[in-house]
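*Asks:* First, the structure itself, so that you have it in front of you.
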Amino acid sequence: MNSSALAKTILADYKKQIDPLLVEFFQGQKAQIPTSLKYAHQMLNNLEDFCTRGGKRLRPALVYYGYKLLGGDESKDILKASLAMELIHTFLLIHDDIMDESDFRRGKTTMHKIYKAECETVYRANGNSQRFGETMGILAGDLSFCLAFELLLSSDFSPELKTQVMQKLQDTVTNTIFGQELDVRLEFNGSSKPSEILSVYKLKTAQYTFECPLHIGAMLAGATQKDLETISNFAIPGGIAFQIRDDILGMFGDKKHTGKPVGSDIKQGKQTLLIAKALQKAGKIDRKRIKAALGNKELDENGIRKIQSIIRKTGALAECERVAKKHIDQAKQALSKFSKHNWDKDIIKKLDNIADFIVERKV
Ligand code: IPE
Ligand code: IPE
Ligand code: MG
Ligand code: MG
């Protein structure tokens with residue numbers, strides 16, 4: 001099995017362990033709420049479905065492996081604490097789908113669209129179903145955020161460690177918010193430089209997807225500030241590569257695997273690295289074609305195929321693959337220094353597999 005395939009089994013094994021805990025957690029939450037509060041139950045059910053319908057569990061897996069890397073005690077509630085990271089991710093995804101006006105996530109209807117449809121059947125013409133859907137989506141995302149802290153607080157780590165982890169989560173979500181703001185501002189601005197885009201990727205994705213999970217795991221196992229810095233040297237480039245791959249999959253992936261429709265970034269008018277590079281490299285006519293496609297909600301399959309071919313032809317796709325690979329090489333270089341520490345060799349190998357998976361993945 002090659003390195004990336006090994007990573008897939010590593011993540012699948014972790015998912016098998018964690019998903020029953022996730023379901024158990026939701027059952028516990030529902031049990032605490034009186035049955036008379038039927039919409040609270042409905043929201044928890046919607047959230048549970050959103051969490052369990054798919055997802056790679058990369059972030060909580062990194063919490064777990066960050067913990068094991070530094071030799072954390074297996075008898076502690078690390079799996080439970082790691083799930084907090086997945087619920088933070090869920091919150092960010094639900095809100096992201098509102099901001100990006102996305103209809104599909106993990107192969108099914110996005111949270112705000114589920115509620116929009118409900119509004120249309122239940123309340124019929126009594127109001128604006130878009131607003132209803134987005135309102136409920138915001139609330140479901142907020143609920144997920146709150147439940148993340150519930151999971152962390154109910155774990156058996158010391159109050160000091162839990163406070164440290166909460167501080168890390170606060171800082172990380174704050175940066176993610178600033179990253180999401182810039183992402184949408186670039187979209188509205190209609191143009192951007194590759195360097196700006198990469199700094200948005202660091203803020204909106206790399207920190208919460210890679211750095212924060214590994215830090216939290218390592219902190220719970222007693223990491224020092226110096227240890228965390230060593231981990232960041234791996235995590236930040238790894239996380240940037242993750243987002244570049246996300247953009248490539250968004251334009252060239254298979255909906256069956258990604259659960260997201262191809263070309264939605266271009267229809268939304270997103271400034272991705274792929275688009276910025278294509279605009280830089282294209283001739284006048286192709287540049288015009290890209291600009292006309294950006295933000296065109298009516299763009300059909302044929303129109304998307306034309307943009308795909310421009311992105312290939314200009315070499316923008318190959319260049320983005322190179323930039324992603326460069327970041328992964330940098331991450332792996334930093335990872336090779338982990339062996340100077342007295343850290344778990346088997347986990348270092350697993351992180352190396354995960355790094356390869358990031359740029360080769362189809363999901
Ligand atoms: C999607 O993340 C959002 C990004 C930060 C790019 P994932 O690709 O990890 O989503 P799931 O959890 O596997 O669905
Ligand atoms: C997701 O970014 C970042 C966060 C959820 C914070 P994208 O908008 O690029 O991710 P997808 O493609 O919708 O998953
Ligand atoms: Mg987005
Ligand atoms: Mg999005």
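*Asks:* Conditions: (1) of a type outside the set (S, T, N, Q); (2) more than 16 Å from ligand 3 (Cβ to nearest atom); (3) open to solvent by 30 Å² or more (accessible area, probe 1.4 Å). H95 meets all but one. Number of the miss?
*Replies:* (2) is the only condition that H95 fails.
*Asks:* Moving on to the next point. Being open to solvent by 20 Å² or more (accessible area, probe 1.4 Å) and within 22 Å of V262 (Cβ to Cβ) is the filter here; which residues of the stretch 326-363 pass it?
*Replies:* V359, E360, K362, V363
*Asks:* Same structure, new question: For the stretch 160-210, which residues satisfy the criterion of being outside any helix (DSSP H, G or I) and within 15 Å of ligand 2 (Cβ to nearest atom)? Lay out the reasoning, then the answer.
*Replies:* As a first pass, look at the stretch 160-210 and keep what is outside any helix (DSSP H, G or I): 190-193.
Within the stretch 160-210, just S192 meets the criteria.
*Asks:* Quick one: count up the residues across the stretch 248-262 that are outside any helix (DSSP H, G or I) and crowded, with 20+ Cβ neighbours inside 10 Å.
*Replies:* Residues flagged as outside any helix (DSSP H, G or I) and crowded, with 20+ Cβ neighbours inside 10 Å within the stretch 248-262 amount to 2.
*Asks:* If N296 satisfies every condition in (1) in contact (Cβ under 8 Å) with a residue 40 or more places away in the chain; (2) in contact with a Lys or Arg (Cβ under 7 Å, 6 or more places away or on another chain); (3) outside any helix (DSSP H, G or I) but one, which is the exception?
*Replies:* (1)
*Asks:* Please find, among G141, G137, G72, the residue that is of a type outside the set (S, T, N, Q) and either part of a loop (DSSP other than H, G, I, E, B) or exposed (fewer than 15 other Cβ atoms within 10 Å of the Cβ) (or both).
*Replies:* Numbers: G141 fails: either part of a loop (DSSP other than H, G, I, E, B) or exposed (fewer than 15 other Cβ atoms within 10 Å of the Cβ) (or both); G137 fails: either part of a loop (DSSP other than H, G, I, E, B) or exposed (fewer than 15 other Cβ atoms within 10 Å of the Cβ) (or both).
Matching residue, one of G141, G137, G72: G72.
*Asks:* Next question, about the same structure. Identify the single condition in (1) buried (at least 19 other Cβ atoms within 10 Å of the Cβ); (2) over 27 Å from T258 (Cβ atoms) that D77 does not satisfy, given that it satisfies every other one.
*Replies:* Here D77 meets the rest and fails (1).
*Asks:* Sticking with this one: Which one is modelled with the highest pLDDT, of the residues in the stretch 188-199 that are within 18 Å of G295 (Cβ to Cβ) and open to solvent by less than 40 Å² (accessible area, probe 1.4 Å)?
*Replies:* The extreme case among them is I197.
*Asks:* Restricting attention to the stretch 41-69, which residues are more than 15 Å from ligand 1 (Cβ to nearest atom) and open to solvent by less than 10 Å² (accessible area, probe 1.4 Å)?
*Replies:* L44, G66, Y67, L69
*Asks:* While we're on this one: Going through L214, L220 one at a time, which residue ends up being away from ligand 3 (no atom under 14 Å from the Cβ), farther than 25 Å from D356 by Cα, modelled with pLDDT of 95 or more and buried (at least 21 other Cβ atoms within 10 Å of the Cβ)?
*Replies:* Checking each option against the conditions leaves just L220.
*Asks:* Of the residues A117, A148, only one is part of a helix (DSSP H, G or I), surrounded by fewer than 19 Cβ atoms within 10 Å (Cβ to Cβ) and away from ligand 4 (no atom under 15 Å from the Cβ); which?
*Replies:* A117
*Asks:* Next up: If a residue has to be of a type in the set (A, V, I, L, M, F, W, C) and within 14 Å of ligand 2 (Cβ to nearest atom) to count, how many in the stretch 97-147 make the cut?
*Replies:* 5
*Asks:* Which of the residues that make up the stretch 291-320 are touching a Leu at 6+ places or on another chain (Cβ under 8 Å) and either of a type outside the set (V, I, T) or surrounded by fewer than 20 Cβ atoms within 10 Å (Cβ to Cβ) (or both)?
*Replies:* K291, A293, A316, L317, C320, listed by residue number.
*Asks:* Which one of the conditions (1) in a helix (DSSP H, G or I); (2) touching a residue at least 24 places away in the same chain (Cβ under 8 Å); (3) open to solvent by 20 Å² or more (accessible area, probe 1.4 Å) does F234 fail to meet, given that it meets all the rest?
*Replies:* If we test F234 against (1) in a helix (DSSP H, G or I); (2) touching a residue at least 24 places away in the same chain (Cβ under 8 Å); (3) open to solvent by 20 Å² or more (accessible area, probe 1.4 Å), just (3) comes out false.
*Asks:* Okay, next question. What is the residue count in the stretch 333-363 for residues that are among the charged types (D, E, K, R) and touching a residue at least 40 places away in the same chain (Cβ under 8 Å)?
*Replies:* Matching residues across the stretch 333-363 total 8.
The values are calculated or read from the model by the stated rules, or taken from the named source; none is laboratory data. All of these numbers come straight from a predicted model, not from anything done at the bench. Glycine also receives a Cβ, built like all others from the backbone with ideal geometry; neighbour counts cover every protein chain displayed. Each accessible area value is taken on the protein alone, full model and side chains, heavy atoms only, with ligands, DNA and RNA left out. Shrake-Rupley method; radii C 1.70, N 1.55, O 1.52, S 1.80 Å.
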